[in-house]
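Every number in this text was worked out from the coordinates using simple rules, so none of it is lab data. The shown structure was predicted, so the numbers you read here are calculated from the model rather than taken from an experiment. Cβ placement follows ideal geometry from the backbone for every residue including glycine, while neighbour counts extend to all protein chains displayed.
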Amino acid sequence: MFKKLLVANRGTIAIRIIRACRELGIATLAVYSTADKEALHARMADEAVCIGPAAAADSYLNIPTIISAALTYGADAVHPGYGFLSENGDFAEACRRSGLNFVGPQARHIRLMGDKPRARRIMIRAGVPVLPGSEGKGVTELREAQADAKKLGFPVLIKAAAGGGGKGMRVARDDKELARLFALARAESEAAFGSRTMYLEKYLEDARHVEFQVLADQYRSVVHLGERDCSIQRRHQKVLEEAPCPLITARLREKMGRAAVRAAQVVGYSNIGTVEFLLAPDGNFYFIEMNTRIQVEHGVTEMVTGVDLVRESLSLAMGERLRLKQRQVSIDGAAIECRIYAEDPDTHLPSPGVVSNHHPPGGLGVRVESALYDGYRVPVQYDPLIAKLIVHAGDRVATLARARAALREYLIDGIKTNIPLHLRILDDADFQRGSFSTRFLDRFENHERVNEVARAAAR
Ligand code: MV4
């Protein structure tokens, strides 16, 4: 086993990784920015080192500083968590070149799946269904996009080749929109990823966003742990996720699971990963991308399968063989995760501040992964995700009731959170019936308040 692991992250995922290491007897080294001196992850780890100023570019994204912290403090492994450097091939490579075990896939798999048109080409060759879209290496010019749109027919979705998670995505419904939105999306992609390469896909309306968890060892064994339904998103920020997907039959799970395993297997992937699909109302499904990291929502899969995904990622990174066989995987009951954001539930503006009267819920089947404590100041500089409430029970109805009860018990003063939004979603009749799509949250929007905020920002 590793002796000392540097956690190259902050917040709830850093805490999750520290807990797993503690169980396994691995010493932990936290890194923190000057804005995170008082952060729980830095306090919980066996050792902690400041790696720079608040700006993530100068701390949590600074590869040389993180590597030298690992070497100086005698770490033998690095876990990137999610976000930050987790899908940066150069970071994985720099770790390995420095003799550090990177807890994740090989740099080449991070790079391959980060290039979305290339991932599409590979999946097509492997017989994994993808949506009709741009062929080859993607497009940089409007006339190329226009030619692709003509072939595909509107509506099309404009996506960034280097993107993922919906950043820089735009739906175009006719030629005029395409001209305007292509330039916009390309400028966004250039600013966010330094890449002008885009690709188009036929836009699938009223689909479900269903992702499969896969585990792969270094000897080409791959298993899947079933799926998560992540359709409830706002501006491509997931709000709530559940496992299993309430629409999927055991038969469809097997079929999609086989496609997910194939996606990992054809590229020789190792460690844990997530294969994202869109599930159409007619039951057809399409690969959209693969995430080469642990995901925020991994906890719901853990609850229904009993598999500790962080522990698995560590042992796979050490070169151990997968002990789990596909036939040993079973889905027990249902789990839901409510992401708790430090934001105003009406305007979605961040709500930093000092936490008081903090009382997280508890009880049977209630798991809270939280970075909060009384007196903690939520910094403004980072993602507003401050806690996750993960609830598990025997079936979906019981899980929703338990989640509702837990949310009502959850006390956090000093900052605003989206807990009221979660309660509204759980009370929604369509949500309860499992009848929703990726457009579900649109009708929950307080348009008046959001517009007010937009007008104020424009002044
Ligand atoms: C799509 C799509 C429909 N058609 N692609 C969003 C995250 C990224 N990984 C892929 N995503 C989507 N890709 C095609 N061709 C729908 C989504 C999508 C979505 C779109 C709008 C609003 C909410 C959404 C939630 C999940 C997925």
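Tabulated results
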item	result
Region 207-271 and region 92-129: distance between their alpha carbon centers, rounded to Å	17
Over region 76-186, volume per residue of the alpha carbon convex hull, in Å³	113
For the chain, with +1 on Lys and Arg beta carbons and -1 on Asp and Glu, the positive-most of Val267, Val156, Ser98 along the dipole	Val267
Residue exposure sequence - Val296, Val78 - by fewest surrounding Cβ within 10 Å	Val296, Val78
Equivalent ellipsoid semi-axes - Cα gyration tensor, region 146-240, angstrom	29, 16, 14
FRET efficiency, 1/(1 + (r/R0)^6) with R0 30 Å, evaluated for Ala401 and Ala456 via beta carbons	0.15
Rh (Kirkwood; distinct C-alpha pairs) - region 358-459, Å	15.9
Links that overshoot a 19 Å alpha carbon limit, given the list Lys116/Lys167; Lys37/Lys167; Lys176/Lys202; Lys137/Lys238; Lys159/Lys202; Lys167/Lys238	Lys37/Lys167; Lys137/Lys238
Point-charge dipole on Cβ atoms (K/R +1, D/E -1) for region 227-343, about Cα centre, debye to 20	400
Rg over Rh, two decimals, region 239-364 (C-alpha only, Kirkwood Rh)	1.02
Loop-resident sites, region 368-433, for chymotrypsin sites (Phe, Trp or Tyr not before Pro), counting at most 16 other Cβ within 10 Å (DSSP)	Tyr373
GluC sites (Glu not before Pro) lying in DSSP loop within region 183-282, provided at most 16 other Cβ fall within 10 Å	Glu205
In nm, spacing of pseudo-spin labels at Glu47 and Arg408 (7 Å Cα→C-beta vector)	4.9
Residue-averaged [θ]222 nm for the chain, counting only DSSP H segments that reach four residues, each worth -39500 (n - 2.57)	-10500 deg cm²/dmol
Dipole in debye (nearest 20) - the chain, about Cα centre, beta carbon charges: Lys, Arg +1; Asp, Glu -1	1080
GluC sites (Glu not before Pro) restricted to DSSP loop in region 318-367 with at most 16 other C-beta within 10 Å	Glu320
Burial ordering of His348, His41, fewest other beta-carbon atoms within 10 Å first	His348, His41
Separation between Cα centres of region 356-412 and region 415-439, rounded to whole Å	15
Percent of alpha-carbon pairs separated by more than 29 Å within the chain	49
Packing rank of 353-362, 303-312, where each peptide gets the mean count of other beta carbons within 10 Å, highest leading	303-312, 353-362
